[in-house]
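These notes are about the structure you will find just below.
The values are calculated or read from the model by the stated rules, or taken from the named source; none is laboratory data. Computed from a predicted model, the values in this text were never measured in an experiment. So basically every Cβ, Gly included, is an ideal-geometry build from the backbone, and we count neighbours across all protein chains shown.
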Ligand code: ADP
């Protein structure tokens with residue numbers, strides 16, 4: 001059964017009576033442009049390198065609504081990330097630079113036996129900086145960054161995923177150098193059995209594999225890198241592993257990295273005042289063993305609320321009257337309170353599984 005367009009029964013009609021699928025409306029809302037089925041906003045045409053209302057030839061055959069989505073929801077031109085913004089992960093950063101950044105910066109040097117892998121897999125617990133690494137690669141090589149989660153391909157744009165993947169890779173190829181970051185890639189390229197597998201998911205998986213093959217560096221002209229991320233690497237099938245031969249473990253941050261995160265947010269460069277002695281920092285780092293980078297971020301945010309709550313209690317409820325100078329610095333006791341609200345989100349048993357997987361499949365220097 002052909003999957004076709006997923007059109008909800010209550011779908012609305014456009015101004016001129018044309019069907020406007022929900023995803024096109026969403027893109028229209030995002031750009032503020034009035035999109036009708038089959039038309040592209042001027043902004044999108046410009047983003048895609050077109051002029052005079054015309055798309056570049058290579059993209060003309062693609063569905064305009066899907067192109068709008070790719071440009072407005074998947075292409076991410078806002079975030080520049082430097083390597084130093086990523087605390088710790090020294091092994092991963094060094095390997096990523098050598099394996100994919102150098103070849104993107106000087107493709108002629110990396111041909112034949114030196115050709116880079118067509119895809120890179122980052123695996124590890126959630127919130128450890130996999131997306132940040134994808135963004136840092138893109139920032140480092142001035143590449144266009146595309147960020148999509150597989151679950152949205154599978155569920156949000158039901159039946160459209162396959163077209164979306166095709167358009168995504170076509171746009172990336174056109175705007176290269178490009179980095180396509182696919183989060184939760186296991187949900188598309190899963191080894192779980194085909195039984196009961198939806199026709200649309202099967203075609204999505206096939207399309208993804210075909211497009212990944214297209215990223216093959218057989219020509220030094222093609223500079224599109226696929227970075228897949230997963231926290232369930234064991235679920236990937238063999239075809240996916242072959243296409244992402246470098247699999248890099250992105251573990252929980254070590255003590256030094258956790259300390260770096262606190263220093264960056266609350267040190268002399270941070271916007272929030274804190275008073276933490278060396279001994280306090282030592283205690284804090286010890287207490288956060290097992291925290292992910294994202295747990296640390298939440299913990300720091302929670303601790304920073306401490307002085308505000310105290311000032312509110314002092315001034316009654318007059319939050320509007322409180323100025324920054326009324327706030328005391330963040331202290332160790334704020335972190336002690338915060339650890340009750342923000343605990344480590346990753347179970348130690350999960351870590352053992354990642355480490356086992358890493359010892360079997362992970363790339364090591
Ligand atoms: P993942 O893709 O591994 O699930 P992200 O890269 O999206 O995780 O990280 C989520 C957030 O957690 C980031 O935006 C950042 O604030 C914080 N974070 C995670 N890891 C790090 C790290 N190594 N250094 C600095 N911040 C981090």
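If I filter region 136-147 for residues that are within 10 Å of the ligand (Cβ to nearest atom) and within 22 Å of residue 213 (Cα to Cα), do I get at least one hit? Yes, some residue in region 136-147 is within 10 Å of the ligand (Cβ to nearest atom) and within 22 Å of residue 213 (Cα to Cα). Looking at 263, 289, just one residue is at pLDDT 90 or above, within 25 Å of the chain's Cα centre (by Cα) and not in a helix (DSSP H, G or I), and that residue is 289. The set of residues in region 53-73 that are touching a residue at least 60 places away in the same chain (Cβ under 8 Å) and either within 16 Å of the ligand (Cβ to nearest atom) or not in a helix (DSSP H, G or I) (or both) comprises 56, 62, 63. Checking the stated criteria, residue 302 turns out to be surrounded by fewer than 19 Cβ atoms within 10 Å (Cβ to Cβ), within 16 Å of the ligand (Cβ to nearest atom) and assigned to a helix (DSSP H, G or I).
For residue 297, indicate whether it is surrounded by fewer than 14 Cβ atoms within 10 Å (Cβ to Cβ), closer than 19 Å to residue 266 by Cβ and either within 16 Å of the ligand (Cβ to nearest atom) or more than 31 Å from the chain's Cα centre (by Cα) (or both). Spelling it out, it is not the case that residue 297 is surrounded by fewer than 14 Cβ atoms within 10 Å (Cβ to Cβ), closer than 19 Å to residue 266 by Cβ and either within 16 Å of the ligand (Cβ to nearest atom) or more than 31 Å from the chain's Cα centre (by Cα) (or both).
The set of residues in region 142-161 being touching a helix residue (DSSP H, G or I) at 6+ places or on another chain (Cβ under 7 Å), farther than 20 Å from residue 124 by Cα and free of Cβ contacts under 8 Å to residues at least 60 places away in the same chain consists of 153, 154, 161. In region 77-105, which residue that is at pLDDT below 90 and either part of a loop (DSSP other than H, G, I, E, B) or touching a strand residue (DSSP E or B) at 6+ places or on another chain (Cβ under 8 Å) (or both) is farthest from the ligand (Cβ to nearest atom)? The extreme case among them is 104. For region 310-365, residues that are assigned to a loop (DSSP other than H, G, I, E, B), in contact (Cβ under 8 Å) with a residue 60 or more places away in the chain and buried (at least 17 other Cβ atoms within 10 Å of the Cβ) total 3. Tell me, which residue of region 262-284 that is surrounded by fewer than 19 Cβ atoms within 10 Å (Cβ to Cβ) and under 28 Å from residue 123 (Cβ atoms) is nearest to the ligand (Cβ to nearest atom)? Per the criteria, the residue is 264.
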